[in-house]
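Undergrad: Quick one: the structure is below, questions incoming.
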Amino acid sequence: MLAIPAQAADLATPVTMAAAVQVESPSTSMALSPVAAAMDLMRSGRSADALALLEPAMGKLQGMSKGSARPYCQHDGSIARGVRVLDADLCDALYLRAFALTELGRRTDAVEALEQLTQLSPDYPRYFVELAYAYRASGDKAGAMETYRHAAELASAPGQQKYRAAALRGIGNLLVDKGDLEGGEKAYRDSLSDDPQNKVALGELQYIARKRAAMEQKGG
């Protein structure tokens, strides 16, 4: 999923991220935000430069973590009790930072960054989908399966269909990898109920059909 991550392409570009890395002022609020600039750098293959631009967000988070209220990334409009809601800009920066780490091959650091994001927003399926992909990329298939399933469960709420579809595609991939074509096919077909035209799922179903046909021909 982090590849531009499962959903990095539709990451909302903040109006300004000045509050995440510095004190906003009239002179800085008109400049290109660090998140938007980092997105541009990553699209041009400059992930290291993007990461350098995003690192100040970690310092901001660490400073905000010292209080009694738990830092929280809010995504659904609800207000959690006993938390300190972080700027959406800061949460976007932390998310994009995790992607930059993955692009640079720093898988352990990327997993740690995504685990931190799931703690900041434990009800947001998007972060869990990305974490599951990171687990899978690092070889932890059991962790990936558990996390994909949790993401699919979280994404059962209205408006979260694309994350459920992504989680189901991840489950399908893991099942096919271990030879469970029937289970993989079901997961991919279930994903199409939320994302009917997804080319990945449709392509994987064609692959499963070809693999079955080859097995039947060999057996016959």
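Undergrad: What percentage of the solvent-accessible surface of segment 114-220, computed with a 1.4 Å probe over protein heavy atoms, is contributed by carbon and sulfur atoms?
TA: Exposed carbon and sulfur together represent 48 percent of the surface.
Undergrad: While we're looking at this one, here's another question. Express in nm, to one decimal, how much length is gained between residue 81 and residue 115 on full extension, taking 0.36 nm for each residue of separation and deducting their alpha carbon distance.
TA: The span from residue 81 to residue 115 would gain 10.1 nm if fully extended.
Undergrad: Heavy-atom accessible area per residue, segment 68-220, 1.4 Å probe: how many Å²?
TA: Per residue, segment 68-220 has 52 Å² of solvent-accessible surface.
Undergrad: Separate question: With an 8 Å cut-off on Cα pairs and a minimum separation of 6 or more residues, tell me the relative contact order of segment 153-220 in percent.
TA: Relative contact order of segment 153-220: 26 percent.
Undergrad: Where does segment 72-124 land on the Kirkwood hydrodynamic radius, alpha-carbon pairs, in angstrom?
TA: One over the average 1/r among Cα pairs gives 11.6 Å for segment 72-124.
Undergrad: For segment 106-153, taking Cα atoms only, what is the radius of gyration to one decimal and the Dmax to the nearest whole Å?
TA: For segment 106-153, the Cα radius of gyration and maximum Cα-Cα distance read 9.5, 28 Å.
Undergrad: For residue 104 and residue 48, calculate 0.36 nm times their separation in residues minus their Cα-Cα distance, and state this gained length in nm to one decimal.
TA: That pair, residue 104 and residue 48, stretches by 19.5 nm at full extension.
Undergrad: Let me ask something else about it. Looking at the square roots a ≥ b ≥ c of the eigenvalues of the Cα gyration tensor of segment 83-163, which shape do they give, rounded for a/c under 1.5, prolate if a/b is larger than b/c, or oblate?
TA: Taking the square roots of the gyration eigenvalues as a ≥ b ≥ c, segment 83-163 is oblate.
Undergrad: If you filter segment 79-183 for trypsin sites (Lys or Arg not before Pro), then keep DSSP loop positions with at most 12 other Cβ within 10 Å, what is left?
TA: Answer by residue number: 81, 178.
Undergrad: Using a 1.4 angstrom probe with every protein chain in place, what is the largest-first accessible-area order of 200, 176?
TA: 200, 176
The values are calculated or read from the model by the stated rules, or taken from the named source; none is laboratory data. In this text, all values refer to a predicted model and were calculated from it rather than measured experimentally. A quick note on method: Cβ atoms are made from the backbone with ideal geometry, for glycine too, and the neighbour counts reach across all protein chains shown. What goes into the accessible areas is simple: the full protein's heavy atoms, side chains included, and nothing from ligands, DNA or RNA. Shrake-Rupley method; radii C 1.70, N 1.55, O 1.52, S 1.80 Å.
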